[in-house]
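A short worksheet on the structure shown next.
The values are calculated or read from the model by the stated rules, or taken from the named source; none is laboratory data. Here the structure is a predicted model, which is why all the values come from computation and not from measurement. In this analysis, Cβ positions are derived from the backbone assuming ideal geometry, glycine residues included, and neighbour counts consider all displayed protein chains.
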Amino acid sequence: MLKKQLIMEAAIELFSKKGIDATSVQQITEHCGISKGAFYLSFKSKDELIFAIIDYFTKNITSNIERSVSNQQTAQGKLAAYFMEIFDVLQKYGDFATVFIKEQHIIDESFIENISFYDDLNNKLLLEIFTELYPENSENLQYDLLVIVKGLLASCGDLIVKNVIEYDLEKLIDSLVEKIEIIAKHGKMTFFTKDMVTSQPSRQPEITKELIIEELQKLTELIQEDTILKESLFILGEEINLETPRRAIIIGMLSILEEESECNWLCYIIKKYYLI
């Protein structure tokens with residue numbers, strides 16, 4: 001595990017139990033067994049650490065959802081996998097999310113714009129699922145369905161985070177998929193439009209070559225000891241910078257990088273960009 005990830009995992013555990021404001025950098029360093037100096041080599045401040053945690057969450061949630069959905073053979077399975085990934089994160093990190101929202105850390109314009117980018121990517125994936133699942137009605141109802149799914153995620157997510165009763169998660173997801181199907185197949189009246197549900201209607205979430213190169217550089221700087229991983233990133237970077245990258249080389253390097261959770265987001269954006 002990379003030092004930054006070790007610090008983030010320790011911080012998440014303490015933030016969830018004690019609260020963000022009540023947790024000091026000293027407590028975080030003691031919990032993960034490093035010095036304060038080592039902490040500040042990775043993060044300039046506690047606020048930067050919090051931002052890194054949220055960024056790490058959103059990147060990994062987005063890439064994990066895409067991977068889980070793409071592994072399913074049926075459209076119903078894809079929608080169920082989407083729900084499962086969201087609920088799995090809430091089960092693991094719901095306490096931290098609750099504390100973060102309650103204490104309202106780093107809620108500024110740049111933070112909102114960053115979150116909106118990942119939200120738009122997930123919206124796009126859901127709309128693709130709706131088109132595959134309900135081709136006869138998705139064009140008219142797709143944005144209503146998007147709002148309904150998000151509403152179900154919010155209400156059921158609250159139940160999962162509070163964990164006040166025992167429940168069968170798979171049965172819950174099957175029930176939600178069934179309800180979406182009923183609305184999609186029998187719903188007639190529409191209300192929501194793209195402009196109403198998209199954070200920036202005029203802008204599609206765009207994955208660029210520049211974004212890929214930036215992520216490659218970040219990972220290369222973070223990874224110090226794993227020679228194979230570092231060499232794979234170097235080869236991948238050289239290939240991507242070619243005028244005509246070879247897909248076979250890119251796919252080969254991705255097969256190595258996909259074994260490391262730290263590389264989830266990089267693998268996701270490369271696959272999206274090169275349509276792999």
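So the values come out like this:
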{"quantity": "Residue satisfying condition, being out of contact with any Cys (no Cβ under 8 Å at 6 or more places or on another chain), at pLDDT 90 or above and at negative phi, within set 16, 42, 24", "calculated": "24"}
{"quantity": "Residues (at positive phi and either touching a Phe, Trp or Tyr at 6+ places or on another chain (Cβ under 9 Å) or in contact (Cβ under 8 Å) with a residue 40 or more places away in the chain (or both)) located in segment 79-131", "calculated": "106"}
{"quantity": "Within segment 188-202, considering residues that are at pLDDT 70 or above and either under 15 Å from residue 124 (Cβ atoms) or of a type in the set (Gly, Ala, Ser) (or both), the one farthest from the chain's Cα centre (by Cα)", "calculated": "194"}
{"quantity": "Residue tally, condition of a type in the set (Ser, Thr, Tyr) and either under 16 Å from residue 96 (Cα atoms) or not in a helix (DSSP H, G or I) (or both), over segment 26-56", "calculated": "3"}
{"quantity": "Residue among 101, 183 that is within 18 Å of residue 55 (Cβ to Cβ), assigned by TED's automatic domain parsing to the domain that holds residue 57, surrounded by fewer than 17 Cβ atoms within 10 Å (Cβ to Cβ) and aliphatic (A, V, I, L, M)", "calculated": "101"}
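Quick grid of which residues meet (1) crowded, with 19+ Cβ neighbours inside 10 Å; (2) under 27 Å from residue 54 (Cα atoms); (3) touching a helix residue (DSSP H, G or I) at 6+ places or on another chain (Cβ under 8 Å):
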{"site": "210", "(1), (2), (3)": "no, yes, no"}
{"site": "218", "(1), (2), (3)": "no, yes, no"}
{"site": "233", "(1), (2), (3)": "yes, yes, yes"}
{"site": "237", "(1), (2), (3)": "no, yes, yes"}
{"site": "243", "(1), (2), (3)": "no, no, no"}
{"site": "247", "(1), (2), (3)": "no, no, yes"}
{"site": "258", "(1), (2), (3)": "no, yes, yes"}
